[in-house]
Structures are given as structure tokens and as C-alpha cells.
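Take a look at the structure set out below.
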Amino acid sequence: MFRRKRIQQADYDRENWRPVLKCSICNGERVAGFKNIHTGEFKEECFIRDDEELEAFKHKYAITDLAKEY
């Protein structure tokens, strides 16, 4: 009756973008996205509310190591 939503694998430009988890010091909000290595531009991908969503983001883009920025 209730099924988990199937997450499709996605890809990103690994030569120019790196995955980053932006964290707020004040209220603990976390946003997962990608940062351009050359320009420093950040593109938001999703708002992370719990560890399950973080793992889903990692699985979607096949990420093993995710850098944190404050």
C-alpha cells in the first residue's frame, strides 16, 4: 500500500562542481547543493531536514564524501 519513492540516479559535472552541505551556525538549517570550483557559485539542490534526506541526496548523486561549509 505505502511504498518508498524510488530515487533515480543523477549526475553532475564533476570537473567543475563539487558537492557541498551548507550549514547555518545559528539555527542548524542545512542545504545540499553544488559549488563551482572556479567561480564559487553555489546551486541549491535540496533542503535537508533529517539524516534520511541527506542519505537520499548522497545516493542520488553517488556521493561518498560531502564537505560542510558554514
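The values are calculated or read from the model by the stated rules, or taken from the named source; none is laboratory data. Since we're looking at a predicted model, the values are computed, not measured. Cβ placement follows ideal geometry from the backbone for every residue including glycine, while neighbour counts extend to all protein chains displayed. Surface accessibility is based on the protein's heavy atoms, side chains included, excluding ligands, DNA and RNA. Shrake-Rupley method; radii C 1.70, N 1.55, O 1.52, S 1.80 Å.
Using unit Cβ charges (K, R positive; D, E negative) and no other charged atoms, how large, in debye to the nearest 20, is the dipole of the chain about its Cα centre?
For this selection, approximately 260 debye.
With each label point set 7 Å from Cα along the Cα-Cβ vector, what nm distance links residue 47 and residue 18?
The answer from the label model is 2.7 nm.
Mind pulling the angle between the C-alpha long axis of helix 51-61 and the longest principal axis of the chain? Nearest 10 degrees, somewhere in 0 to 90.
On a 0 to 90 degree scale, this one is about 70.
Run the helix sum for the chain: -39,500 (n - 2.57) per DSSP H stretch of 4+ residues, divided by residue count, reported at 222 nm to the nearest 500 deg cm²/dmol. Don't skip to the end; give the middle numbers.
Numbers: 1 runs with 11 residues, N = 70.
When only DSSP H runs of four or more count, the value is -5000 deg cm²/dmol.
Please compute P(r) over all alpha-carbon pairs of the chain, binned at 10 Å starting from zero, and give each bin as a whole-number percent.
Going from the shortest bin to the longest, the percentages are 19, 51, 24, 5, 1.
Enter the accessible area per residue of the chain (Å², integer; probe 1.4 Å; all protein chains in place).
In whole numbers, the chain has 81 Å² accessible per residue.
List the lysines whose Cα sits under 21 Å from the Cα of residue 35, skipping any in the same chain fewer than 8 residues away.
Residue 35 reaches 22, 43, 58, 60, 68.
Quick one: of the DSSP bridges fully inside the chain, what percent are antiparallel, nearest 5? Display every interim value, and only then the final one.
Details: 13 of 16 bridges.
Bridges in the chain that DSSP calls antiparallel: roughly 80 percent.
Would you please give the residues with an amide H less than 5 Å from that of residue 37, counting only those at least 5 places away or on a separate chain, with H modeled from the backbone geometry?
For residue 37, whose amide H was placed from the backbone, the distant partners under 5 Å are 17, 18.
Go through the range 25-34 residue by residue and turn each phi into a ³J(HN,Hα) via Karplus (6.51, -1.76, 1.60, θ = phi - 60°); whole Hz please, and just put x for glycine and proline.
Each residue's phi maps through the Karplus curve to give 6, 5, 10, x, 5, 10, 10, 9, x, 10 Hz.
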